[in-house]
Amino acid sequence: MTQIHFYEAKLAFEIDSWDLNDAISKNSNIVVIDARAVDAYNLEHIPNAINIPHKTMNEESTKHLDKNKNYVTYCDGIGCNASTKGALNMSKLGFKTKELLGGLDWWIRDGYKTSGKNAKAATNISCGCN
């Protein structure tokens, strides 16, 4: 594998908060999945994200989802791999999936609003990678 192929493959499977926010605002074909436990989701999550804990992802729990859409999984952030487990599970089930880099932690750090019991308003959007 060449370096070019490596980086192309990496971008095919990962997305950052800036690109996700941009995709959400432009494309209704994106579905964001919070792969954490229900309690964590209820406290705070990305607006309009659906909650399917990675441990419960199976044919039955995902049968209502459209396999023609693009799915982005996330979790708390770097110290959590629920987003990776969720992306793997969704991929095994036949869904087109990416993983959000940095999870909810980087989403908040970059200044985007959240929903839930501990919802935060948007702040000064500060992603330097756009």
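The values are calculated or read from the model by the stated rules, or taken from the named source; none is laboratory data. Values in this document were obtained by computation on a predicted structure and should not be read as measured data. Methodologically, a virtual Cβ is constructed for each residue, glycine included, from the backbone with ideal geometry; neighbour enumeration extends over all protein chains shown.
Yes/no matrix, rows are residues, columns are (1) in contact (Cβ under 8 Å) with a residue 40 or more places away in the chain; (2) under 19 Å from S115 (Cβ atoms); (3) in contact with a helix residue (DSSP H, G or I) (Cβ under 8 Å, 6 or more places away or on another chain):
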position: I46; (1), (2), (3): yes, yes, yes
position: I52; (1), (2), (3): no, yes, yes
position: M57; (1), (2), (3): no, no, yes
position: K63; (1), (2), (3): no, no, no
position: D66; (1), (2), (3): no, no, no
position: T73; (1), (2), (3): yes, yes, yes
position: I78; (1), (2), (3): no, no, yes
position: A82; (1), (2), (3): yes, yes, yes
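When residues of the range 68-85 are filtered for being among the β-branched types (V, I, T) and crowded, with 18+ Cβ neighbours inside 10 Å, how many remain? The total comes to 2. Does P53 satisfy the condition of being surrounded by fewer than 18 Cβ atoms within 10 Å (Cβ to Cβ), at pLDDT 95 or above and either in contact with a strand residue (DSSP E or B) (Cβ under 9 Å, 6 or more places away or on another chain) or of a type in the set (S, T, N, Q) (or both)? So P53 fails the test.
Among the residues making up the range 37-60, those that are touching a Leu at 6+ places or on another chain (Cβ under 8 Å) and closer than 21 Å to N21 by Cβ are E44, H45, I46. The residues in the range 91-130 that are surrounded by fewer than 18 Cβ atoms within 10 Å (Cβ to Cβ) and among the β-branched types (V, I, T) can be counted, and the count is 2. Apart from one condition, D39 fits all of (1) surrounded by fewer than 16 Cβ atoms within 10 Å (Cβ to Cβ); (2) at pLDDT 95 or above; (3) assigned to a loop (DSSP other than H, G, I, E, B); (4) among the charged types (D, E, K, R); the exception is (3). From the list L65, L88, the one residue that fits, being buried (at least 16 other Cβ atoms within 10 Å of the Cβ), among the hydrophobic types (A, V, I, L, M, F, W, C) and in a loop (DSSP other than H, G, I, E, B), is L65.
How many residues are of a type in the set (D, E, K, R) and either farther than 16 Å from T84 by Cα or in contact with a helix residue (DSSP H, G or I) (Cβ under 7 Å, 6 or more places away or on another chain) (or both) if we restrict to the range 1-32?
4
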